[in-house]
Every structure is written in C-alpha cells, then in structure tokens.
Amino acid sequence: MAIQDAELLPKLQKLASKHLKMPVLASALEPGKEPKDSKSKKEKKEKGGDVGCPFRFQLATAPEHLARPVGSADPRVQGFKPDGWQSILLDVADAGQSALVQAPTGSGKTFIAFYVMEKALRTSDEGIVVYVCPTKALANQVHAEIEARFEKSYRDGRPFCGIFTRDRRSERLQECQILVTVPQCLVIYMLSPTAAMHAWVERLEYAILDEVHCLGGETGEVWEQILSLLPCPILALSATLGQSEDFTSWMRKLQAQQKRELHVLQQVGRFNDLQPWVFDGEHLRRLHPFFALQPAVHASAREKIRPENLHLIPEDALQLYDVLSSKADLQALAPEAYFASLPQGSWNLSMQEVQQWSKSLGEAFDRAARDVQVEVVHELTEEAGAAFGCIEEGLRKGSQEYLEARFGSLVEELQTADMLPAIVFHDSRGGCECLAITLGNYLRAKVAKYRRDEKIESKIEALVKQRNLIPIPEGRVGKDGVLVLKPEEFDDVQQRKSLATAIALLQGIPRECTATPPGRTQLTNSELEEEFDLIKDPFKPGHPLHSLLLYGIGVHHAGLPALYRQVVERLFRMQRLGVVVSTSTLALGINMPSKTSVFAGDSLFLSPMQFQQEAGRAGRRGFDLRGHIVFFGLPGKKVQRLLVGELPRIEGSIPLTASLTLRLLMKAQVLPQAEDSVARAVGRLATCPFFCPSPSIPFQQAHLFQFFGRHLFAEGFLGPSRQVTDYAGFVAHIWWEEPGNFALVSLLQERGVLTELCQGPRKDLVAVLCNFFHRRPLERWHSRTRLKKRLKSSVVELPPLPEKITSILRQKSRIMLQAALWQLQRLVLSLENPNCALPLSKVQPCTSTPSKALRSPFMALSGRKHDFVSLQELCSELRDDLRLDPEMFPVLEVAPDVPAVRLNAYLLDFYQHGQVDALEHDNRIPHTEYWTLLEDFMFFLRALASVAKHRQQRAQQRGEATELGEEVIVGAFQAISTQFEVYADLVKGSHLPLMNLPLWRLLLLLLPATALRDATHASRDGCMQKVKGVADGVYGRWFSKKLSQLFFDDPFQVALDGYQTLDDFQKDLLTRLEDSLLYHCKVFVAQGSCAGIRNARFGKQRLPRGRRDFPTKISPGEEC
C-alpha cells in the first residue's frame, strides 16, 4: 500500500532533525516551506562550510564513519580479519622468532598473545607460555580473560592456566601451561635453585611482555633482568616506546646472542580518532590541535613550527583548509577536487585518504609565510585561547577548589554530549576521592530538587493511602498447604504489588540524576550486594565510596581495597558506571574501554608518555567509533606541551647487584645441569647491558660480577664443594629488600647480637628492622613545624641504631669500601681509552697521558685524589665513564663522617599504638598511602618469619649451633609479624581467624597495649604469667577463673560447669574472645585510643553460649 507524502514527510523530518542532527535537511523536508539554512556563517565555518558537497558532508558531519582498513581473512585466526602487520606477526609466531610490537592503544596488538597461547595448548601438554604484566591488577584481568577464552582438561586434573603475584598464587602452578605473572615473581622462578624449577624454565616456549616500556620506570631493573635471563622467544608489546632506537638495538643484540632474529613491527596511527576538548567551567569547547603552535609562531622564520606528530582529525583538517584557503591558493587541495580524483569515488572516504589529505594540508601550511601562519593559528585557536584564559583565572584560587566547584557541571556536559562512560584521571589519591564525593553531593542535590519539583513525597503518600485502602486478603489454606484466594482477593494482591512497585520506583534514585551511561539502568543495592563479598567485604550503603556506586560513580587508586577496585573495574566494563575517578592505575593496559578520558588538574607526573597512555583508554577498537579527551583545570601551556611533546627516551639501569649475583651462583652450585644456562645469562648481563653510556660499562659489569662473587665466598654465603650456606638462603629469600637483607645477616653472623636484641623489648627490635627495611626519609619541614602530636607514644623520628650494631655495620662498610677501591683501580688500569673529559665543557685535562684516577677530573680540581670516605661519595664522584649505585653493594652504610639520614618512624609508631589516624596526623603519612605501606611491610615480615622458621628447621636437622637455630629469634619475628597483622585487622574492623591462632597467643591480643608491648611472647609460661597478672583486673573474675583452670590446673580435673568436654569449653571461650575482640575494635576505632580496651570488662555471670550482648550502643554484629 502506497504511503502518502503527508504521512511520510513528518517522519523523515523528525528522523533528520532528532536522530541525524541535520537541521538543514529537516527544514527542506518541512511541507510548504523552502529550505532554510539555520546555521550562521561562524557555525558554517566551524563545521566545514557548505555540507552540500558529499566530501564535505563526510568530513564535517560524519567523520567517525569514515572507512577503516579491512584486513584479509586468515585461516589461522577466527572471528576477525587481521591487518597486514598482524599477519606478519602471525608468521613470526609460527616461526618461533621474537618480535617487538609498537602500536597505539586499542589497535589490536594483544591478539598475538592469545594466538600463541592457543597454539601451545593445541600442540602439546608440556609447552609453557608466560604472560608478564606490569601490575597485579592487569595480571588478574588477563588471567580472568584467558580462563574465559580457553578451556582444556587433562587426565591428572591439573589446571591449564595459573596466576602468580604477591597476593595470588594458583595451585599446582608448575604444571600449568599458561602462567600470568608480574616481573618480580617471574624472576623468582627463573633463579630458583631447584631441579623442578629449572625443568620448568627449560619448558618455556614463549614469553609475552606487555607494556615493556616499563623498563624505563621504577621497576626497570627487574624487567632488564628478565629480558636477559629468558631462554625462549619473546613478544614485547608497547604503545609508548617513544625514541626506541637504543632499546631496539639492545633487544636485537640480546636475541642475536641466542641465535634468534628480532622482528620490529611498528603501527602508526590509531584505529579510531581522538577528538580534543577543553572545559572552560561552563561548556565544552572544541580544541584545535594548532593551539599547540601558539608559542612557536614567534620563532625564526626559517624554523618549522609544525611537528610531525601533530595529528588532525577530519573536521580539524577541513577547518584548517577553510582558513588557509582564504589566505593562499589551495585549489588543488579543495575537497571537491582532491577526493573527486580518487578511483573509488565519493561513496565513502577512507581514513587513510583523509590522513594523506591532512598531511598535504600540513605541508601547505609549512610553505606559507610566517605572517600567514600566525593569522591561521590565531583564527583557529581564538575560542580555545579564551577558554584557557578563563581557566587560568579560576586556577588562581587553587586547583583542587577549582576542580571540585565545576566537576558536576562537567559531568552534565559529558552526559548531554553522549560522551559517557568516562575515566577522569587525577594525580592525587585523596583528590580522586574528593572529586567523586563532590560529584555525589552534586547529584544528591539534583535528586532533592527533582523530588521537590515533582512533589514526589506527595505522590508517595497518595500511593500509600491508596494501598492502605485495599484490604489485605486472608484466604484459606488448601489441602496441599497452598494459600487459596478468591478472585477479588487475587485482584487485591496484584494491586498491592503494583502499588508497592510504584512506591519503590518513586523512592529510588531517578536515572536522570545519576551518571549512568545511556541505555543502561542504574545499579541497585541488591545488585551491589552480589558484586561484593558478603563475608570479607560486604557492600555498605553507608560507606561514602560504596554509596557512590548507586549514582554510577567509582574511584580507583592503589590505596583502595582490592575487592572494591575489582568491583569498579567489572561494573565499568559492563557500562554500569558512567564516571570513574582514577590515578594512573588505569593507564597501564587494564581493559576498561571508555568513550572519554578527562585530565583533571595539572601534575608534575603528567608527562607526554603518561598522557598518551591515559588518552589511549578512550575510543577503543570494537567499542566506539571515536574517542574524546577533555582537558579540565589545566593551564594552556601544559596542554600545548602535552599535544606536541615527544615521548622520552627509555633509559636503563644497572641490573647487576650482589643479590642477583648470589642467586645466580646458588643456582649454578646447586644444579650442575644449570651451569651452562647461568653462564650464558651472566654473559648477556655483563657484555650486553641496556644502560651503556660509555664503552667501559661492559668491562665494569664483568669486574662487578667477579667482585661480588669473591665477596660472597669470603663472607661465608657460598662454600666449597657446591655448598650453599643458610645465610645465602636467608638473603635470597628476601632479595627485594637489598641491602637490608645483607645488613640483617651481618647481625646473625655476629653471634649473640641478634639474640640479645630479640630478648629485649620488642620495640627495640622493630626499630632496628625499620632502620634496615622500608626506610622513609623524614621531611625537613617536619622537625621545624613542631606540631602537637595526637598520641604521646608517637615517636615520629626513628631512633638511631644501637652502638653495637652501628659498629658492626661500619666495620662491614670499611671492608667493602677498601675492596671496591681495589677492584675499581684494577678496572681503570685495564681500560685502553678512558674517558676523562670534564662533564660540561667535554674538554680533556691538560695532561700528556690519560688519567688513571678513580675520581672525576672535575671533582679532582679540588685537589682530592683517592681519599674516598664512603661508598656514597665513591659513587657520586666517580669518573664519568663508570657508573655505580650505593644500593648495589651488599652493605648498609653507616659512615661516621657522613650525616645520618633522618627516618620516619611510622612503622614503629604503628607497632606501638596501632592507629592509622595518628600516622596521618603525627607522621604525615597520607591516608591514601598508609595501607599500601603497611601491607608492604607486613608482606616482608611474613617472608622474614617464614625464612627464619625454615632455616631454623634446617639447622636443627643438621645439628648445627648457629644463630638461625635460636628459638628466641624465630619467635620474635613471628610475634612481630602477628602483631602487625592483628593491629591492621583491628583497624579494618574485620574478624580475625582466631581458630588458627594458638590460644596462649590469642590471649595476648586482648591485653592492654602497655602489657602487650612488655609481654614475653617467646614462651607459653612467660605469656601466662603476664596473663595471670592482669586478666582478673581487665576481664573480670569469670574469665580469670576459667583461664586459671584451663592453663594451671590438671586439664582432666577441670570443673567444666556444664560443659560436656574440654573442647566445648575451649570453643565457648574462643567465641567469647572473638566477641570481645570485635567489641574492643569498635571502641578502639570510636575512641581513637587504648582506653576502650583497658576499660572493657567481661561480666561476672556466665552467659549462655553463642554471641554475647554487650551493654553498649554498638552491637557486636554491627560493622565499624
């Protein structure tokens, strides 16, 4: 049936106006009216002029729909057609060669990792593929994705995929064919001196290193060690390698030593464009990339002001043409002429064609006169310049205040422009939380206004009255026990249900008052309860960050609980959250596709590399056709540097340390079959270092390895006849704490020193450990402010080491300094062409022969030659062709002539009072950092207690009388580790695994803090003497009586008072202890001191079994 024009035209007009956003076409379709151009001349110029031309229409109106490159089908992969460079990568993987892949974020470079995994799983049951991630969060996500993507079963029931990080370790890990790990954990496997782990290394088929540019970061030393130690082909992936010529050359040398070729594949250009915006505090303004050229237009006329890496999206290129063509002859580059000559016609332009046209426009701009360039840049960036002027004016009152005052308006603008979901990057952890809470308050105010305007409360009252008028059906119970209703009663039930649903909808949060992405429903309490762990970390509607999830807002930084971060990541991937405020934790590879990346506030750490990493989260391939980046609260000069800034050159470090040398020699001595592989690895580390500023560095590395080896043999770490001492195992077990691990062993070697320290007060042992490990310098202003301390027990500044320990460390330092000087002098004498130039002028000293002195010629101008007083001075004043770091040497230097570094006593203070608010107030530890610091130290304490216990058992089996066999040392380490974890769990308000603790240790947890610090933890008798002295006064007579019966009477003669067995009595006692501990935790947190613990009492009457009701406002089942 034919449709009349009167019916068709209004529908087409609505389609053109509302959905296609084409007002000119909608006006033309309006009946009885001539087409009317509703755009002003300014708007027409901004959008590219007249869109009647099909080329202009595609460039200005639908640039995100330009044709992308389409790959060719490949039978090796299913589900997509790989591009040309991806097909080459498949050939490299099939040939078992190595590859370095440089491709923008979201271009599809990680597909090769899954291809290699699938091939290994399909071809054999023994080959291993290891996937190395820079962070634990990325490792968890990759592991989950692999398990969801692949499936394989074995006869012995072993898993096919495992994960190994500091927090997670899968069962039967050595039997998995795919291992997802982090660099620090992979090094443990690579250097393990066991036959099983050596066999595991020999089974490696491929190693995939994601975000390999992290080699230039804080953990670069470990990345360099991995690349030098891996015996298998590698696939190195990165999006921001920057100036990678040196890195590529080094990688080629490493692979050439293993007789493999390194294929370098570089993909330039994103699959989806990124459109830049600036938010001026009220509206989003388009930011033309030529804004970055404003500082350069005043340069010399001979200099080129447009950098090659300045990318123009189609509409920006069209705008450049319109402005430049009004000042120069560009007829050949007119869209109508340029694209009409293409062979495929005008149906759909491709991104490659537009990029080539944009490149030609840039070259035309470069050829223009300087005054023309100045006019073009000014005209293109006039609006953006005014926006940044407003921003810089507002930033004078403070950056954080500016951001918080305008963050709600920004999110509204993003929601209106359909640019959600968005990740908002902010450098400060506390600032992230403040921004999210500010946005939550902004949305709550919108909800309150909406309720007032719509008179929601009146509507709810009316519905409640209407529901109350409906009688509650009584019904009758049938023969089968089912409630039988009459027809009219059934109708009443349905009406009551529908009214209850309507009331619940009105009481809920309106979707338009949340940041939920379009097309998605907002989260509910029941959904969030399922996402969280109901036992360990349940959803708490009263928690400030948990409640924000209901509004579509999340926070992500390293200081938050791991479960909360995982929930935020999962909900964002499901597009149930519209805004996530994050630090750089989401910049490294985590799969959280967003439509927009917002840069909120300036930071010293916001470099061009970090900018490209964070911007790459937006507009991911397969999710969006275009991404957006928004600058919010950044000054214009910083934005200009980010838009045109080049990525920095990756610089390596010196990977060879005493701990690494020890672990390599241990593996070679224990495993004769590993000698060849260790020798090859040492050769690569010594002769092919990435950090090689001078030709002397390889010789330095070889001499260092010899020097460390001789020192380890001399100090008793390694013995003859392939003997590895317990001291070597002790150091290797806590290898990441160098040089503190060697300092602690030096106390063990001086018999009686550590035993005496462990027999004294625990705080003295903790103070020594804090001087050795996790040292945090005290800020200079800390002593000048003289702030009033929150707690008298806070020390703030770490006390110095005891004189006996200081003398031991000084003696070790003197020996190490003399040995290092002797080894370095030999090295200098062996150099043929030493570099003795002055550091700035590069002028050679006026001498007839090259200098053989160790000190730099520049530093030697003061007259000093070889009189080095410390390793620190040696490393800082060494000649330029040699590079050393004090932390390389296996000593903790305490030189008498060097001023000691003032250290923060935050760990010692937490051990004494267990309060994180005091850490923030007295020790000036930010609240977003102290949990990370405490967890790192507790992880070290667990490792220390574990290795001490293991070495004690080995010493007892051999019958050796060493310091490691002392029970007091092992008990002290275990007690300190337990105490830190207890305080951490108390403050967190979680239940402790009390049934897993010995009861005599458990009782210590309930003592006052003063008694706890002075109690003797090593023996049961000493502990019970302390308990007997204070239990009656602290916990009441019933507890003291039962305690006395349990420990000091004959267990078989105990008056159990109604208990069937002694086990029943112990279980009941543990239940009471757990309830009391939870109660003390609440008082502890509420009062901020130990007074609540000291004033707590057990009742005199014996209460029924089960949970106890305390006479307090806080019930035991309530969360802190």
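Observations on the model:
- Applying the set (1) surrounded by 11 or more Cβ atoms within 10 Å (Cβ to Cβ); (2) modelled with pLDDT of 85 or more to residue 526 leaves exactly one unmet item: (1).
- Checked against (1) among the aliphatic types (A, V, I, L, M); (2) touching a residue at least 60 places away in the same chain (Cβ under 8 Å); (3) surrounded by fewer than 19 Cβ atoms within 10 Å (Cβ to Cβ); (4) farther than 23 Å from residue 278 by Cβ, residue 354 meets all criteria but (3).
- Close pairs (7 angstrom Cβ cut-off, 6 or more residues apart or separate chains): farther than 21 Å from residue 272 by Cβ in the stretch 108-122, basic (Lys, Arg) and at pLDDT 85 or above anywhere: 114/149; 121/152
This table checks each residue for (1) buried (at least 21 other Cβ atoms within 10 Å of the Cβ); (2) of a type in the set (A, V, I, L, M).
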{"residue": "240", "(1), (2)": "yes, no"}
{"residue": "265", "(1), (2)": "no, yes"}
{"residue": "285", "(1), (2)": "no, no"}
{"residue": "291", "(1), (2)": "yes, no"}
{"residue": "305", "(1), (2)": "yes, yes"}
{"residue": "314", "(1), (2)": "yes, no"}
{"residue": "317", "(1), (2)": "yes, yes"}
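- Hits in the stretch 507-519 - residues which are at pLDDT 85 or above and part of a helix (DSSP H, G or I): 511, 512, 513
- Scanning the stretch 644-656 for residues that are over 25 Å from the mean Cα position of the chain (by Cα) and surrounded by fewer than 22 Cβ atoms within 10 Å (Cβ to Cβ) turns up just one, 644.
- Meets criteria (crowded, with 19+ Cβ neighbours inside 10 Å, in the same structural domain as residue 217 (by TED's automatic domain parsing) and in contact (Cβ under 8 Å) with a residue 60 or more places away in the chain) for residue 88: no
- Some residue of the stretch 742-760 being buried (at least 20 other Cβ atoms within 10 Å of the Cβ) and basic (Lys, Arg): no
- The set of residues in the stretch 423-477 that are farther than 30 Å from residue 925 by Cα, hydroxyl-bearing (Ser, Thr, Tyr) and either touching a residue at least 12 places away in the same chain (Cβ under 8 Å) or not assigned by TED's automatic domain parsing to the domain that holds residue 405 (or both) contains only 450.
- Search result, residues across the stretch 562-593 that are in contact with a strand residue (DSSP E or B) (Cβ under 6 Å, 6 or more places away or on another chain) and more than 12 Å from residue 425 (Cα to Cα): 563, 565, 568, 572, 577
- Look at the stretch 144-156: where a residue is in contact (Cβ under 8 Å) with a residue 60 or more places away in the chain and a partner is surrounded by 14 or more Cβ atoms within 10 Å (Cβ to Cβ), sitting 6+ places away or on another chain with Cβ atoms under 8 Å, you get 145/591.
- Residue check for residue 910: assigned to a helix (DSSP H, G or I) and surrounded by fewer than 22 Cβ atoms within 10 Å (Cβ to Cβ): no
- Restricting 172, 270, 168, 260 to residues that are buried (at least 19 other Cβ atoms within 10 Å of the Cβ) and of a type outside the set (Ser, Thr, Tyr) narrows the list to 270.
- Scanning the stretch 253-272 for residues that are out of contact with any Pro (no Cβ under 9 Å at 6 or more places or on another chain), in contact (Cβ under 8 Å) with a residue 12 or more places away in the chain and basic (Lys, Arg) returns a single hit, 253.
- Of all residues in the stretch 865-890, those being touching a residue at least 12 places away in the same chain (Cβ under 8 Å), outside any helix (DSSP H, G or I) and not aromatic (Phe, Trp, Tyr) number 14.
- Selection from the stretch 175-229 of residues that are buried (at least 19 other Cβ atoms within 10 Å of the Cβ), within 25 Å of residue 93 (Cα to Cα) and among the small types (Gly, Ala, Ser): 207, 228
- Residue check for residue 316: of a type in the set (Asp, Glu), touching a residue at least 12 places away in the same chain (Cβ under 8 Å), closer than 30 Å to residue 590 by Cβ and out of contact with any Pro (no Cβ under 7 Å at 6 or more places or on another chain): no
- Only one of 652, 683 that is on the phi < 0 side of the Ramachandran plot and assigned to a loop (DSSP other than H, G, I, E, B): 652
- Within the stretch 781-808, restricting attention to residues that are in contact with a Ser or Thr (Cβ under 9 Å, 6 or more places away or on another chain) and modelled with pLDDT under 90, the residue that is farthest from residue 871 (Cα to Cα) is 791.
- Residues that are closer than 19 Å to residue 377 by Cβ and of a type in the set (Lys, Arg) number at least 2 in the following strands (runs of 3 or more DSSP E) confined to the stretch 230-340: 284-286.
- Residue check for residue 125: in the same structural domain as residue 254 (by TED's automatic domain parsing), in contact (Cβ under 8 Å) with a residue 12 or more places away in the chain, assigned to a loop (DSSP other than H, G, I, E, B) and of a type in the set (Asp, Glu): yes
- Tally of residues being crowded, with 18+ Cβ neighbours inside 10 Å and either within 28 Å of residue 608 (Cβ to Cβ) or of a type in the set (D, E, K, R) (or both) across the stretch 68-84: 1
The values are calculated or read from the model by the stated rules, or taken from the named source; none is laboratory data. None of the values given here were measured: they were computed from a predicted structure. Quick reminder, even Gly has a Cβ in these numbers, built from the backbone with ideal geometry, and neighbours come from all protein chains shown.
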